[in-house]
Amino acid sequence: MTIRLPVIVGILGMLALPGVAFAEEITGRVPDASRVVSIGDSVTEIVYALGEEGRLVGRDSTSTYPDAANKLPDVGYMRALSPEGVLSINPTAIIAVEGSGPKETIEVLKKASVPFVFVPENYTAASVTEKIRIVGKSLGADDKAEKLAQRVELDLAAAQAETSNIKARKRVLFILSAHGGKILASGTKTAANGIIELAGAENAITEFQGYKPLTDESIITAKPDVILVMDRGGDHSAANADLLANKAIAATPAGEAKNIVRMGGQYLLGFGPRTAQAAHDLAKAFYGNELSQ
């Protein structure tokens, strides 16, 4: 597998600074994993699950689980990383999940001198265990990673088996935000789409990939049985009453039944070691006593 760099914003400006070390692509185990920066909540969670957290000297702002991770220096948001923030803690390696960036300057960092590992993100059961094995190999913790991956595989299989007998699959509309009354929802090729499928349900929106705003007509036509949202604060938060006040949502089966499911964002969408439990909890919220025992 070719390992590619998640890019650091503003790196071009740093090229002019003397003595600055940048990152180089690497496959497999990094030469020195004594000072690692983890980028991406699932990567950080995996490092802790492997018992290798003593190697971490920094993490990105999405990496808030477990609580101990919050004590590490925060190098910034994974999609808008600061070169100063990452390099100031003198990492010997960077392990980053796909989507870190932006991507425009990847080629600039190919000849750098701080090794990094690129961890693919595909939002499937198989991708969770692949990430565990890649992170484990990069740290030289292959045996620990294999044991964890096998346990997670069994847990994921068990979670999916719970919905195997469900005949009428719930149609789920995942709303990323409803700021200003505009509904931003998930299509395919997203973490939301992946966890909905793992929970034995169907994404109500399949006409596009990624996250896009929906028209009222699109919401009504989607006919969701369930509205799924993240539990979070800030401008992107939307109370149940506010969602149901949207006339298009109110006109759907989910709106009529006031069927809104909330779950912590990192837990729901992280696709790390806790994904099987998240899928189980989500399936329970969707189907209740219909689940196979």
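The values are calculated or read from the model by the stated rules, or taken from the named source; none is laboratory data. These numbers were taken from a predicted model, which means no experiment stands behind them. In this analysis, Cβ positions are derived from the backbone assuming ideal geometry, glycine residues included, and neighbour counts consider all displayed protein chains. Side chains are part of the model used for accessible areas, which takes the heavy atoms of the whole protein and leaves out ligands, DNA and RNA. Shrake-Rupley method; radii C 1.70, N 1.55, O 1.52, S 1.80 Å.
To the nearest 0.05, what FRET efficiency results for residue 71 and residue 277 with a Förster distance of 22 Å applied to their C-beta separation?
Details: r = 24 Å, r/R0 = 1.10.
Efficiency, rounded to the nearest 0.05: 0.35.
Taking 35 Å as R0, compute the FRET efficiency from the Cβ-Cβ separation of residue 221 and residue 124 and round it to 0.05.
Numbers: r = 27 Å, r/R0 = 0.78.
Taking R0 as 35 Å, the efficiency between residue 221 and residue 124 is 0.80.
Tell me, what % of the accessible area of the stretch 214-293 is carbon and sulfur with a 1.4 angstrom probe? Let's see the in-between values first.
Values: 1850 of 3840 Å².
Carbon plus sulfur share of accessible area: 48 percent.
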Nonlocal amide H pairs with residue 176, under 5 Å, H built at 1.01 Å: 184, 185, 186
Reference-scaled alpha-carbon Rg (2.2 N^0.38 Å with N residues) for the stretch 137-271: 1.19
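Nothing charged except the Cβ atoms of Lys and Arg (+1) and of Asp and Glu (-1): what's the magnitude of the dipole of the stretch 139-263 about its Cα centre? Round to the nearest 20 debye. Each step should come with its number before you reach the end.
Working: 15 positive and 16 negative charges, 55 e Å.
Using only the charged Cβ atoms, the result is roughly 260 debye.
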Strictly over 22 Å apart at the Cα level, which of 71/189; 170/284; 137/189; 147/170; 71/144; 71/137 would you flag in this model? 71/189; 137/189; 147/170; 71/144; 71/137
Report ³J(HN,Hα) in whole Hz for each residue of the stretch 175-186, in order, from the Karplus equation J = 6.51 cos²θ - 1.76 cosθ + 1.60 where θ = phi - 60°; Gly and Pro get x. 9, 6, 7, 9, 5, x, x, 8, 8, 9, 10, 8
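Is the shape of the stretch 131-189 best called rounded, prolate or oblate, per the rule: a/c under 1.5 gives rounded, else a/b larger than b/c gives prolate, else oblate, with a ≥ b ≥ c the square roots of the Cα gyration tensor eigenvalues?
Details: a/c = 4.87, a/b = 1.58, b/c = 3.09.
In terms of gyration-tensor shape, oblate.
Accessible area per residue for the stretch 164-293 in Å², computed with a 1.4 Å probe and the full protein assembly in place, what is it? Before the final figure, lay out the partial values.
Details: 6150 Å² over 130 residues.
Value for the stretch 164-293: 47 Å² per residue.
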